[in-house]
There are 2 protein chains.
Amino acid sequence: MPSPNIAGTQRGYVIPIGGAEEKLDNPEILAKFVALCGGEDGVITVIPTASQLDDTGARYQKIFDDIGVKKSFSLPITERADAQNPSYVKTLEKSTGIFVTGGNQLRLSTILGGTPIARAIRQLNAQGVHYAGTSAGAAIVSQHMITGGNTGIVPTEDGVNLAPGMGLINTIVVDQHFNQRNRLARLLSAVSYNPFLIGIGLDEDTAAFIDHNNVFTTVGSGAITVVDPSDIEYSSMAEARTGDALTLLNVKLHILASGGRFDISERKAYVK
Amino acid sequence: MPSPNIAGTQRGYVIPIGGAEEKLDNPEILAKFVALCGGEDGVITVIPTASQLDDTGARYQKIFDDIGVKKSFSLPITERADAQNPSYVKTLEKSTGIFVTGGNQLRLSTILGGTPIARAIRQLNAQGVHYAGTSAGAAIVSQHMITGGNTGIVPTEDGVNLAPGMGLINTIVVDQHFNQRNRLARLLSAVSYNPFLIGIGLDEDTAAFIDHNNVFTTVGSGAITVVDPSDIEYSSMAEARTGDALTLLNVKLHILASGGRFDISERKAYVK
């Protein structure tokens, strides 16, 4: 469950990005995130834990610097002991925006899960600090996080692997590199396990800017595929054998290019 | 438009198969087609025109022979002049089932389109002769036939190429090798051109057995993905620029594994 809001505060934006966001030539998504965080006066802290490259944090600091942010930090958290470090929590508390990089989402959940850093991210977001994460950093916003599964269109009984995520929003399951890696099958598998979930498939260079009312706007060059299983009349998930194609009747699908909007609470799509 | 029914006759089954149907070890789809055509007393005529291999016709005759069919023919139609041959039309008229092989669907439309053979296929099917076609032979049943397009999930303005097909059924557009080749994007592009169409995506070794009431049953090891655009509330197709991702709100999706049924006229999915 997301942290409860403190009276009088609004949750910060939650911004999952589908990976491979434009970084140099008109970095629309990152620039909009920076603008929300206060522009040049914003303070952005990068968490590069998902990546196993040493320079990922510094690289994003440079990108944010190029966009005009005067002050940014990168937290070199590479193991669970680092995620207990009180000085890192203090740095987070000075931030107006938190940015979590790509890599392996299981590094994020295994290293950050249940630590003071994870608690701080959830509490700060509930208090108004904006969160953006790309690829692995997008997957981790789900309460039920996809860690692997089958590619293609047709879902199967064993078509997706889930693990507990950070749960900044608990009614969506996020997938990334969606069109590029043909991930509808695994997202359909995930939402058909329990249709209270809404599936959000993010293309590369595409982000869902989710506001405090749980309404998101699509930003970027690709699309967001929303899989809404609320009206499913029949699913063979419970009887299917491992590897069997599933029967699913009445899945609602929305494809949202730039500017398209979706109300997660009301399960309703809009344009502009 | 399909040929009009003659009073007192029922249209034969129309059976598009998604390609790569099992041929040797329990060939479920081909055996069901043979049973509809009268079993060992059925007369099946193979049209191998889509293929550029010399032995495709003989190969299918052998398969039907193995299933128990006593009498089969193959029509060696490789150019338009062949499709005018009155003796080939006479052979078709003796058949209880017509089987059109895979290959290139543009060979079927360019060689058979507007010839006595194409007319005979349409008229005989309207009079009760069953039609089955795999891959290219499945694509050609559509009035608006897919000949190429983009792979992936997200449709684009220029995401599919269409050509006139044989039109045994005029409200569906059929795609094949659907899950295996990630063809949702091009099927969504096709139905969003004009949402009177219903998209039928056939996996390999999977067939839609469409009866004279336009209700089909799924047969085979994969699934059929039905894309029903009837309830689309908004489509950006008319304004999109070439290559742009589309916005499409409220597409209905059904995934139908073996036994799943769909009523094309009523646009309603059923199980068993």
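So which pairs qualify, if the first residue must be in the stretch B:194-222 and farther than 16 Å from A:Gly152 by Cβ, the second must be of a type in the set (Lys, Arg) and surrounded by fewer than 22 Cβ atoms within 10 Å (Cβ to Cβ), the Cβ gap must be under 9 Å, and the two must be at least 6 apart or on different chains?
B:Ile198/B:Arg267; B:Ala207/B:Lys32; B:Phe209/B:Lys32; B:Val215/B:Arg261; B:Phe216/B:Arg261; B:Thr217/B:Arg261; B:Thr218/B:Arg261; B:Val219/B:Lys32
Quick one: what pairs do we get from the stretch A:46-63, first residue in contact (Cβ under 8 Å) with a residue 12 or more places away in the chain, second assigned to a loop (DSSP other than H, G, I, E, B) and among the basic types (Lys, Arg), C-beta under 9 Å, 6+ apart or different chains?
Note: pairs meeting the criteria are A:Tyr60/A:Lys23; A:Ile63/A:Lys23.
Go through A:Ala238, A:Ala245 for me and flag whichever is under 19 Å from B:Thr225 (Cα atoms) and at pLDDT below 95.
Selected residue: A:Ala245, the only one of A:Ala238, A:Ala245 that is under 19 Å from B:Thr225 (Cα atoms) and at pLDDT below 95.
Which pairs turn up if I take residues in the stretch B:143-154 that are more than 8 Å from chain A (Cβ to nearest Cβ) and look for partners that are crowded, with 20+ Cβ neighbours inside 10 Å and of a type in the set (Asp, Glu) with beta carbon separation below 9 Å, at least 6 apart in sequence or on another chain?
B:Ile146/B:Asp175; B:Gly149/B:Asp175
Look through B:Ile153, B:Ile117 and report the one residue that is of a type outside the set (Lys, Arg) and within 21 Å of B:Tyr13 (Cβ to Cβ).
One residue alone meets the criteria, B:Ile117.
What single numbered condition from (1) crowded, with 16+ Cβ neighbours inside 10 Å; (2) not in a loop (DSSP other than H, G, I, E, B) fails to hold for B:Glu40?
Failed condition: (1).
Every residue, every condition in (1) farther than 22 Å from B:Thr217 by Cβ; (2) not basic (Lys, Arg), yes or no:
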{"site": "B:Tyr131", "(1), (2)": "no, yes"}
{"site": "B:Ala139", "(1), (2)": "no, yes"}
{"site": "B:Ser142", "(1), (2)": "no, yes"}
{"site": "B:Gly148", "(1), (2)": "yes, yes"}
{"site": "B:Asp175", "(1), (2)": "no, yes"}
{"site": "B:Phe178", "(1), (2)": "no, yes"}
{"site": "B:Arg186", "(1), (2)": "yes, no"}
{"site": "B:Ala190", "(1), (2)": "yes, yes"}
{"site": "B:Pro195", "(1), (2)": "yes, yes"}
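Find all pairs meeting these conditions: Cβ atoms under 6 angstrom apart; at least six residues apart or on different chains; first residue within the stretch A:19-34 and at negative phi; second residue surrounded by 16 or more Cβ atoms within 10 Å (Cβ to Cβ) and hydroxyl-bearing (Ser, Thr, Tyr).
What qualifies is A:Glu21/A:Thr134.
Residue-wise test of (1) of a type in the set (Asp, Glu); (2) out of contact with any helix residue (DSSP H, G or I) (no Cβ under 7 Å at 6 or more places or on another chain); (3) within 30 Å of A:Leu162 (Cβ to Cβ).
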{"position": "A:Tyr13", "(1), (2), (3)": "no, no, yes"}
{"position": "A:Ala35", "(1), (2), (3)": "no, yes, no"}
{"position": "A:Ile63", "(1), (2), (3)": "no, no, no"}
{"position": "A:Ser74", "(1), (2), (3)": "no, no, yes"}
{"position": "A:Ser87", "(1), (2), (3)": "no, yes, no"}
{"position": "A:Thr91", "(1), (2), (3)": "no, yes, no"}
{"position": "A:Pro116", "(1), (2), (3)": "no, no, yes"}
{"position": "A:Arg119", "(1), (2), (3)": "no, yes, yes"}
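Mind checking whether some residue in the stretch A:179-198 is more than 11 Å from chain B (Cβ to nearest Cβ) and assigned to a strand (DSSP E or B)?
Checked the stretch A:179-198: at least one residue is more than 11 Å from chain B (Cβ to nearest Cβ) and assigned to a strand (DSSP E or B).
Output the number of residues of the stretch B:255-272 satisfying the condition of being more than 18 Å from the chain's Cα centre (by Cα), in a strand (DSSP E or B) and under 17 Å from A:Val154 (Cβ atoms).
Result for the stretch B:255-272: 1.
Report the residue count in the stretch B:210-263 for those that are of a type in the set (Val, Ile, Thr), touching a Pro at 6+ places or on another chain (Cβ under 9 Å) and within 17 Å of B:Arg183 (Cβ to Cβ).
Summing the residues that are of a type in the set (Val, Ile, Thr), touching a Pro at 6+ places or on another chain (Cβ under 9 Å) and within 17 Å of B:Arg183 (Cβ to Cβ) in the stretch B:210-263 gives 2.
The values are calculated or read from the model by the stated rules, or taken from the named source; none is laboratory data. None of these values were measured; they are calculated from a predicted model. Ideal geometry is used to build each Cβ from the backbone, glycine not excepted, and the neighbour counts take in all protein chains shown.
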